[in-house]
Amino acid sequence: MFGNALRHRAGAVTLFFLSGAFTGALAPHAAAQGGTATISGTVTRQADGSRIADVIVGIPGTAITAVTGPDGRYTLYRVPAGSQTVLFRWLGYRPERATLDVVAGRTHTLDVALEAQAVMLGEIVVEGVSRTPERVVDAPAAVAVITPAVTQSMSVTGQTPLALATVAGVDVVQSGMNDFNVNARGFNSSLNRRVLVLQDGRDLAIAFLGAQEWNSLAIPLEQLGQVEMVRGPGSALYGANAFSGVVSITTPAAREVTGTKFTLAGGELSSLRGDVHHAGLLGRGRMGYRVNFGYNRSESWTASRTARDTSDFRREYSAASDSVVRPPRPGFEVRPLNGQTADSVTGVASGQPDDVVNMYGSARVDYYADNGSVVTLEGGAAQVENEVFITGIGRVQVTKALRPWTRLEWAAARYNLMAWYSGRNSIDPQYSLLSGAPLEEKSATFHVEGQYNRGFAGGQGRVVVGASFRQYNVNTDTTLMTSANDDRSDAYYAGYGQLEYRLTPQIRAVAAARVDASDLFDTQVSPKGGLVFSPNERHSIRVTVNRAFQTPNYSEFYLRVPVAAPSAGPGTLEASLEGYFATIRQNFGADPNLPATPVDIPWNFSAQTPVLALGNASLDVEKVLGWEVGYKGNLSNRFYLGVDGYINRLTDFVTDLLPAAIVRNPDYPAYELTNGGTVNIPQTLTDVDAYLASQGLPANHPLRAAIPQLQGGYAGVNAQLVQTGLLATLPDGRRAGVISYANAGNVTERGLELSAGYLLTNDLRVEGSFTLFDFDDPEGTLTGDVVLPNTPKRKGTLSISYSGAQGVDVGVTARLTAGYDWAAGVYLGYVEPTETINVSAGYRVNNNLRFHATATNVLDQQRFHLYGGSVIGRRVLAGATASF
């Protein structure tokens with residue numbers, strides 16, 4: 001999905017379906033010696049004279065920008081004296097340029113009327129690919145910009161990932177209300193972190209898991225600004241975890257969103273949402289400020305699964321699947337959702353689960369210097385309650401957690417300096433629902449980065465260089481790691497650079513490289529190279545090769561947490577067997593007719609046998625080398641097309657949690673069933689029973705009556721621990737059920753991504769995407785179905801949207817995915833095909849009031865998007881937004 005009319009961090013604007021582009025987004029802007037002036041005016045529609053809100057107004061080559069308010073008015077402050085060109089842009093209208101002789105100290109009036117026109121692909125500017133502004137057709141990567149229609153229609157849900165669901169090659173799977181997993185190009189997992197998510201350069205991942213908590217954003221979707229999705233390896237500029245792509249979110253400067261906006265919405269699942277935003281200017285445009293607050297409350301599709309016969313899980317999934325329902329490997333969950341209680345005998349949960357609640361807020365101050373640089377100080381926090389998310393150890397419920405953050409940036413013409421902090425604090429414990437164990441995380445990430453860029457050879461080339469330092473502090477109070485590994489601090493260092501040069505007017509070459517070092521992994525070098533051929537401004541063909549890496553997170557390195565409640569069964573059975581055989585020998589002595597029976601069962605089970613998820617400190621860094629070819633361009637004034645093909649070679653990729661016998665971690669060796677082939681307990685028990693019968697003992701004799709119970713107990717241990725590969729020996733010699741991580745050798749994946757759009761009229765647009773994916777079975781350490789890509793081989797989207805001058809907008813999106821097998825952590829099963837239809841509509845009563853509604857999964861198709869996730873149904877929301 002392409003297109004946008006959203007704002008750039010330093011005030012420059014990047015637009016998709018609009019003619020022209022702001023070039024040199026951070027270009028210097030020295031105040032003329034004659035002083036500065038102010039320009040203001042009103043923007044209207046040429047057809048009917050109505051006023052247009054949200055039009056981007058700016059001085060090209062500078063950071064001086066503004067956005068028209070609900071009344072169509074704008075003001076540009078501190079414009080240098082002299083001849084100036086003012087550029088006006090908005091979705092579906094021909095860009096308008098006006099030249100004005102600016103006189104210092106005066107306030108000039110400049111009104112314009114915009115003419116509707118078909119939108120053009122070739123004139124969008126993006127920044128996420130090369131860390132500098134460039135036309136989307138020149139970008140050396142597959143990149144999409146989320147359209148305003150999508151962000152506006154999805155904003156009422158408060159679910160940012162839904163805006164990415166129509167991008168070709170991207171998987172967006174949902175569990176519960178706000179637990180989303182965003183991935184690109186295969187090999188998904190329950191906690192995916194192969195796509196790096198940045199907001200104004202700040203990594204949104206939590207420190208311990210390295211994954212996103214999407215409901216912890218402190219700014220609502222409609223205020224996020226520009227959202228770019230770069231697909232493919234991106235470590236050359238972004239480092240670790242830019243493995244399959246980068247989501248780059250750029251929020252608008254305060255002066256671009258002046259005014260007050262209030263949204264109130266609600267609907268199904270007792271949903272209630274409120275947002276308030278205010279921004280203004282001080283000192284005749286010298287400073288800008290922005291504040292926002294929000295509140296979300298809703299029931300969830302998440303249900304308790306505590307029935308001891310797993311009937312609740314089977315019932316939940318049987319309604320959404322025609323395939324065999326497989327409960328998680330440890331069986332039932334021992335803890336119900338917050339607000340519910342479980343029956344002490346059956347385990348069946350009763351009561352109403354507590355609502356999922358999210359509160360957030362942020363504040364920002366910008367200082368706009370005369371030379372065009374912008375200094376920004378901002379911060380905020382989000383508090384989440386009762387959300388349930390899927391991990392390798394099963395479902396985890398966050399009772400209450402706080403996500404504070406701050407950011408300081410100095411963005412100038414040729415350099416950018418930035419520092420930020422991001423934290424996560426468990427105010428109340430979160431709980432593993434399978435084991436009932438309370439889990440804590442108090443973590444903080446500190447990051448400092450500097451970047452420099454400049455052109456050379458008369459604009460034919462550009463160089464970007466940068467360096468960064470990051471420190472992670474993680475403390476789980478020994479609930480997720482042992483005391484030897486907990487409460488730790490680790491540092492990351494990086495340096496990177498990119499060189500671009502236009503070999504001919506049509507051919508542009510790009511080369512980049514990055515070096516990353518850390519306390520946690522060996523030094524990594526990530527190169528990138530590419531050629532972009534643009535025969536004209538409407539078309540381009542690119543060929544690129546990239547290397548990226550993903551370091552194991554703290555969980556994969558150092559995890560130690562119960563997966564299920566400890567069991568007395570194996571220890572009790574071991575004691576019973578030893579006591580039983582001792583009794584037989586005591587009663588019958590050394591009778592040569594007595595079958596050989598072991599006196600010591602060599603299992604060494606504890607009284608309470610744990611089932612543990614354990615990290616693997618020997619994991620290697622996961623790497624990918626990707627080759628890619630792509631085309632994008634306008635085939636006519638109304639039709640655009642994008643085609644991207646890739647082949648990726650993954651090496652040493654890290655599995656999700658797997659049984660000890662598969663992982664083969666030498667720290668937790670899998671236990672052999674027969675103790676070297678000499679002990680066969682079922683056969684021994686059968687022989688003993690036959691011998692006892694031959695001695696005249698009746699079937700109801702206590703010795704003989706115990707045999708079926710012992711055989712059943714042995715079969716249970718065999719099925720649950722031994723045959724599943726869970727039974728392992730811990731370093732202290734005790735036995736436990738163990739799941740852990742491993743490097744799974746090498747695998748090759750390939751895919752084809754198509755995206756297209758056609759404007760039936762200036763108001764009516766049709767867009768679609770189609771993705772093919774395939775892979776070869778892993779080579780090396782692990783093979784077979786234990787390692788799956790967890791992504792469909794085929795998926796596609798089709799969207800129809802209408803936005804008319806009468807204030808009416810309507811959108812319909814259909815998303816179809818093929819079925820596929822899923823294996824991640826304790827969950828193994830089949831994900832059924834899905835056909836999801838979302839519908840949105842809005843009506844602008846006037847420039848100050850808009851009513852809107854959104855229905856996700858409007859046909860209420862009952863499906864789970866990942867195995868182990870909640871069954872997702874329909875959700876209809878409606879609301880109103882008032883602007884002042």
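The values are calculated or read from the model by the stated rules, or taken from the named source; none is laboratory data. Bear in mind the structure is a predicted one, so any value in this text is a computation, not a measurement. So basically every Cβ, Gly included, is an ideal-geometry build from the backbone, and we count neighbours across all protein chains shown. Heads up: the accessible areas ignore ligands, DNA and RNA and are worked out on the full protein's heavy atoms, side chains in. Shrake-Rupley method; radii C 1.70, N 1.55, O 1.52, S 1.80 Å.
Assuming R0 = 45 Å, can you tell me the calculated FRET efficiency for the pair Leu752 and Tyr843, based on Cβ-Cβ distance, to the nearest 0.05? Kindly include the intermediate steps, with their values, before the conclusion.
Numbers: r = 39 Å, r/R0 = 0.88.
The pair Leu752/Tyr843 has a calculated efficiency of 0.70.
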Distribution output for the chain: share of Cα-Cα pairs per 10 Å bin in percent, first bin at 0, values 2, 12, 21, 24, 18, 10, 6, 3, 2, 1, 0, 0
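Net charge within 13 Å of Phe180 by Cβ-Cβ distance, Lys/Arg positive one each and Asp/Glu negative one each, not counting Phe180 itself? Each step should come with its number before you reach the end.
Values: positive: Arg193; negative: Asp171, Asp179, Glu213, Glu387.
It works out to a net charge of -3.
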Give the residue from Met287, Gly868, Ser540 lying farthest towards the positive end of the charge dipole for the chain; charges sit on Cβ (+1 for Lys and Arg, -1 for Asp and Glu) and the dipole is referred to the Cα centre. Met287
Would you mind computing, in nm to one decimal, how far apart the modelled labels at Ala719 and Ala467 are, each placed 7 Å from Cα along Cα→Cβ? 6.2 nm
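Could you rank Val525, Val291 by how accessible they are, 1.4 Å probe, largest area first? Each step should come with its number before you reach the end.
On the way: Val525 80, Val291 50 Å².
Descending order: Val525, Val291.
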To the nearest 20 debye, what is the magnitude of the charge dipole of segment 732-884 about its Cα centre, counting +1 on the Cβ of each Lys and Arg and -1 on the Cβ of each Asp and Glu? 640 debye
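Can you give the FRET efficiency to the nearest 0.05 for Ser489 and Ser323, using r as the Cβ-Cβ distance and R₀ = 35 Å? Kindly include the intermediate steps, with their values, before the conclusion.
On the way: r = 46 Å, r/R0 = 1.32.
Plugging the Cβ-Cβ distance into 1/(1 + (r/R0)^6) gives 0.15.
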Label-to-label distance, nm, for residues given as Leu816 and Val365 (7 Å Cα→Cβ offset): 5.5 nm
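Which whole-number value in Å² is the accessible area per residue of the chain, probe 1.4 Å?
36 Å²
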Expected vector for segment 225-231, Karplus 3J(HN,Hα) from phi with 6.51, -1.76, 1.60 and θ = phi - 60°, integer Hz, x for Gly and Pro, equals x, 8, 10, 10, 10, 9, 9
Mind checking the dipole of the chain: about its Cα centre, +1 per Lys or Arg Cβ, -1 per Asp or Glu Cβ, Debye to the nearest 20? 2700 debye
So Met287 and Ala690, fully extended at 0.36 nm per residue minus their Cα-Cα distance, gain in nm 135.8 nm
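Just to verify a number: FRET efficiency for Tyr830 and Thr482, C-beta to C-beta distance, R0 = 22 Å, to 0.05? Working shown, then result.
Working: r = 36 Å, r/R0 = 1.65.
The calculated FRET efficiency here is 0.05.
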Under 23 Å from the Cα of Lys442 - lysines, other chains or at least 8 residues apart: Lys400
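Roughly how many debye, to the nearest 20, is the charge dipole of segment 600-755 about its Cα centre, given +1 on each Lys and Arg Cβ, -1 on each Asp and Glu Cβ, and no other charges?
So the dipole magnitude of segment 600-755 works out to roughly 280 debye.
Quote to one decimal, in nm, the extra length available between Glu115 and Val276 on full extension: 0.36 nm per residue of separation minus the C-alpha distance between them. Walk me through the numbers before you get to the answer.
Values: separation 161, 0.36 × 161 = 57.96 nm, distance 3.25 nm.
In short, 54.7 nm is gained.
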Enter the accessible area of Asp477 (Å², nearest 10), with the probe set to 1.4 Å and all protein chains included. 100 Å²
What ³J(HN,Hα) values, in whole Hz, does the Karplus curve 6.51 cos²θ - 1.76 cosθ + 1.60 give for segment 38-48 when θ = phi - 60°, with x put for Gly and Pro? 10, 10, 9, x, 10, 10, 10, 7, 5, 5, 10
In nanometres, what is the gap between the two model label sites at Leu772 and Val515, each 7 Å from Cα along Cα-to-Cβ? 4.2 nm
Can you give the extra length, in nm with one decimal, that the chain gains between Val525 and Glu537 once fully stretched, where that is 0.36 nm per residue apart less the Cα-Cα distance? 0.9 nm
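What's the carbon and sulfur percent of the chain's accessible surface, probe 1.4 angstrom, rounded to a whole number?
On the way: 17500 of 31600 Å².
Of all accessible area on the chain, carbon and sulfur atoms account for 55 percent.
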Sorted list, accessible surface of protein heavy atoms, 1.4 Å probe, largest first, for Asp486, Asp322 is Asp322, Asp486
Once you have all Cα-Cα distances for segment 760-884, histogram them in 10 Å bins from zero and send the whole-percent values. 11, 29, 27, 18, 10, 4, 0
How much mean residue ellipticity at 222 nm does the chain get from its helices, if each DSSP H run of length 4 or more adds -39500 (n - 2.57) and you divide by all residues, to the nearest 500 deg cm²/dmol? -2500 deg cm²/dmol
Projected onto the charge dipole of segment 780-854 (+1 at Lys/Arg Cβ, -1 at Asp/Glu Cβ, origin at the Cα centre), which of Phe851, Gly796, Gly819 gives the Cα projection farthest towards the positive end? Phe851
From phi via Karplus (6.51, -1.76, 1.60), per-residue ³J(HN,Hα) for segment 398-411 in Hz, x at Gly/Pro: 8, 5, 7, 9, 10, 10, x, 7, 9, 8, 10, 9, 10, 9
Could you state the number of Å between the C-alpha centres of segment 358-393 and segment 249-274? 14 Å
For the chain, whose charge dipole is built from +1 on Lys and Arg Cβ atoms and -1 on Asp and Glu Cβ atoms, the candidate among Val465, Ser740, Ala484 with its Cα farthest towards the positive end is Val465
Which value, in nm² and rounded to one decimal, describes the direction-averaged projected area of the C-alpha convex hull of segment 510-644? 17.3 nm²
